[in-house]
Every structure is written in C-alpha cells, then in structure tokens.
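Let me begin by presenting the structure, written as structure tokens, before commenting on it.
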Amino acid sequence: MIRVLLADDQRLVRAGFKSILDGEPDITVVAEAADGTEAVALARAEKPDVVLMDVRMPTLDGLAATRQVLTVAPTVRVIILTTFDLDDYVYGALRAGASGFLVKDTEPMELIHAVRVVARGDALIAPAVTRRLIAEFAG
C-alpha cells in the first residue's frame with residue numbers, strides 16, 4: 001500500500017486529490033496538511049511514502065517544506081504540485097530534492113501514475129515542463 005500525505009492550503013483541492021487517490025486499491029491518504037509546517041510535522045509522524053506538496057502555502061512554502069521533510073524523513077518522496085509551471089518553481093523543486101513536479105491541471109490518471117512512479121523510487125516531471133527543461137539544457 002502506498003501511503004500518501006497531502007499538503008495544500010486549499011481544503012477543496014485536498015478533498016479532490018484524496019477522492020482520486022483513495023479510489024485506488026494500492027494507494028491510501030494517511031494525512032492532510034494545510035500548510036508547510038504542518039506537512040513537515042505530519043511527515044515526521046506518519047512516515048508516508050509520498051507527499052503531494054503544493055508549492056505556495058502559508059507559514060512555510062512547499063519548497064522549504066520539502067527540504068525539511070527530506071531532513072526529518074529521508075525515505076519520503078515528494079511531488080511538488082502547483083498551478084503555475086514557472087521555471088523557478090521547477091528548478092527550486094529539483095534543488096529541494098523533490099522526486100516529481102506536476103501542475104494541478106494534470107489528469108487524474110496522470111496523478112495516480114505519478115504517485116506510483118515516485119513511490120517506487122523513480123522521478124517524474126510533467127511532460128510540458130520536461131520539454132522546457134530539455135530545451136534549456138540543450139541550449
């Protein structure tokens with residue numbers, strides 16, 4: 001069973017992700033955080049396999065929270081989620097140690113796939129973002 005922690009300051013967004021993920025036989029949402037500080041505390045306490053982390057949250061943003069989560073629970077994998085696929089967020093997420101980066105308009109099956117991919121130790125970046133990273137790297 002893949003254990004997931006949801007970290008997003010919008011309750012409705014968390015509820016949507018929870019509904020999608022809990023519908024899968026091999027995934028369960030074990031905790032929800034409304035800000036980065038709470039996400040770090042819950043990651044330490046719950047030891048989830050994957051954290052879905054919003055990049056913009058109060059008290060502690062998702063990038064800083066990712067760094068702290070990986071310090072207190074080094075085996076956890078983090079997927080950064082954002083409404084904005086800005087390059088600064090992508091680079092910041094990768095520098096913070098995130099294993100994945102998705103935009104919130106991702107299809108539900110892509111979200112489920114990303115959780116499974118990251119849980120098994122691989123990495124995943126949204127295809128549109130990957131295209132830009134490749135162009136940046138090649139240029």
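The values are calculated or read from the model by the stated rules, or taken from the named source; none is laboratory data. Computed from a prediction, not measured in an experiment: that's the story for all the values here. FYI the Cβ positions are ideal-geometry reconstructions off the backbone, even for glycines, and counts take in every protein chain you see. Heavy atoms of the whole protein, side chains included, go into the accessibility calculation; ligands, DNA and RNA do not. Shrake-Rupley method; radii C 1.70, N 1.55, O 1.52, S 1.80 Å.
Could you please find all residues in the stretch 55-74 being open to solvent by 10 Å² or more (accessible area, probe 1.4 Å) and either of a type outside the set (A, V, I, L, M) or farther than 19 Å from Lys104 by Cβ (or both)?
Arg56, Pro58, Thr59, Leu60, Asp61, Ala64, Arg67, Gln68, Leu70, Thr71, Val72, Pro74 - these are the residues of the stretch 55-74 that are open to solvent by 10 Å² or more (accessible area, probe 1.4 Å) and either of a type outside the set (A, V, I, L, M) or farther than 19 Å from Lys104 by Cβ (or both).
Just checking, which of Ala126, Ala65, Ala73, Ala45 is within 23 Å of Val29 (Cβ to Cβ), free of Cβ contacts under 8 Å to residues at least 60 places away in the same chain, in contact with a Leu (Cβ under 7 Å, 6 or more places away or on another chain) and not charged (D, E, K, R)?
On inspection, the qualifying residue turns out to be Ala126.
Quickly run through the stretch 76-91 and pick out the residues that are open to solvent by 10 Å² or more (accessible area, probe 1.4 Å) and without any contact (Cβ under 8 Å) to a residue 40 or more places away in the chain.
The answer is Thr83, Phe84, Leu86, Asp88, Tyr89, Tyr91.
Look at Leu102 and say whether it is in contact with a helix residue (DSSP H, G or I) (Cβ under 7 Å, 6 or more places away or on another chain), over 18 Å from Arg11 (Cβ atoms) and modelled with pLDDT under 95.
Yes.
Regarding the stretch 6-13, can at least one residue be identified that is crowded, with 24+ Cβ neighbours inside 10 Å, of a type outside the set (D, E, K, R) and either under 29 Å from Ile134 (Cβ atoms) or modelled with pLDDT of 95 or more (or both)?
Looking for residues that are crowded, with 24+ Cβ neighbours inside 10 Å, of a type outside the set (D, E, K, R) and either under 29 Å from Ile134 (Cβ atoms) or modelled with pLDDT of 95 or more (or both), one finds at least one in the stretch 6-13, hence yes.
Does Ala135 meet the test of being open to solvent by less than 40 Å² (accessible area, probe 1.4 Å), among the small types (Gly, Ala, Ser) and outside any loop (DSSP other than H, G, I, E, B)?
Working: open to solvent by less than 40 Å² (accessible area, probe 1.4 Å): no; among the small types (Gly, Ala, Ser): yes; outside any loop (DSSP other than H, G, I, E, B): yes.
When the stated conditions are applied, Ala135 does not pass them.
Just need a number here: residues in the stretch 1-59 that are closer than 22 Å to Pro74 by Cβ and part of a helix (DSSP H, G or I).
Final tally of qualifying residues: 11.
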